[in-house]
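For reference, the structure discussed in these notes is given below.
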Amino acid sequence: MDDTNRHLSEKEIIDITKAAMNKTFGDFGMTEYDKRNKGGLGGFVEEHVFKYKANSDDHPDFIDAGLELKVTPIKQNQDGTYSSKERLVLNMINYCDEYDKTFRTSSFYRKNKRLLIWFYLYISGKHPKDFE
C-alpha cells in the first residue's frame with residue numbers, strides 16, 4: 001500500500017465519502033477488531049476505504065486537497081437525541097517545537113485547517129463491523 005491516494009482531489013474524496021454513506025465497516029471488509037486500538041476505526045477507513053497507509057505525520061491526510069480525515073463515534077441518547085461518544089483528538093502538540101509559532105504557522109492549524117469528519121453510529125453490544 002502506498003501514499004498515492006493521499007493525493008486524491010477533493011472531488012474524488014467527496015465521491016468516496018458519499019459512496020460510503022449508510023454502509024457498515026463490514027461492507028468494507030472488516031471481520032475482526034482490536035478494541036484496545038483507539039484509532040482503529042479511523043485507520044481502517046484510511047486503509048480499506050481510501051486505500052492509503054494510516055500514518056501520524058504532521059500533514060493533512062489528503063495532502064493535495066488539504067483535508068484531514070477524522071473518524072469518530074456518536075451515540076443515540078435515551079431521549080432520541082445524538083451526542084458524541086468520546087472526545088475527538090485533533091492534534092498532538094509538541095510544546096518544544098510549537099512555543100514560538102503563531103496560530104497560523106502552528107502544526108495544529110496546518111493539519112486541521114480543513115476537516116472531513118466521518119461519524120459512525122456506536123451501538124453498545126454490537127460488533128464494530130456492524131456500525132454504520
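The values are calculated or read from the model by the stated rules, or taken from the named source; none is laboratory data. Computed from a prediction, not measured in an experiment: that's the story for all the values here. A quick note on method: Cβ atoms are made from the backbone with ideal geometry, for glycine too, and the neighbour counts reach across all protein chains shown. The protein model used for the area step is the full one, side chains on, heavy atoms only, and it has no ligands, DNA or RNA in it. Shrake-Rupley method; radii C 1.70, N 1.55, O 1.52, S 1.80 Å.
If only one of G39, G26, G66, G43 is surrounded by 11 or more Cβ atoms within 10 Å (Cβ to Cβ), of a type in the set (G, A, S) and within 18 Å of I123 (Cβ to Cβ), which one is it? Spell out how you get there, then give the answer.
Working: G39 fails: within 18 Å of I123 (Cβ to Cβ); G66 fails: within 18 Å of I123 (Cβ to Cβ); G43 fails: within 18 Å of I123 (Cβ to Cβ).
Residue meeting the stated conditions: G26.
Out of segment 78-107, which residues are under 20 Å from P128 (Cβ atoms) and in a loop (DSSP other than H, G, I, E, B)?
Hits for segment 78-107 are K85, E86, R87, L88, V89.
Only one residue in D57, D2, D34 is more than 27 Å from R110 (Cα to Cα) and open to solvent by 30 Å² or more (accessible area, probe 1.4 Å), so which one is that?
Residue meeting the stated conditions: D34.
Under the condition of being out of contact with any Phe, Trp or Tyr (no Cβ under 7 Å at 6 or more places or on another chain) and of a type in the set (D, E, K, R), which residue from segment 71-93 is nearest to R110 (Cα to Cα)?
Going through the qualifying residues, I end up with R87.
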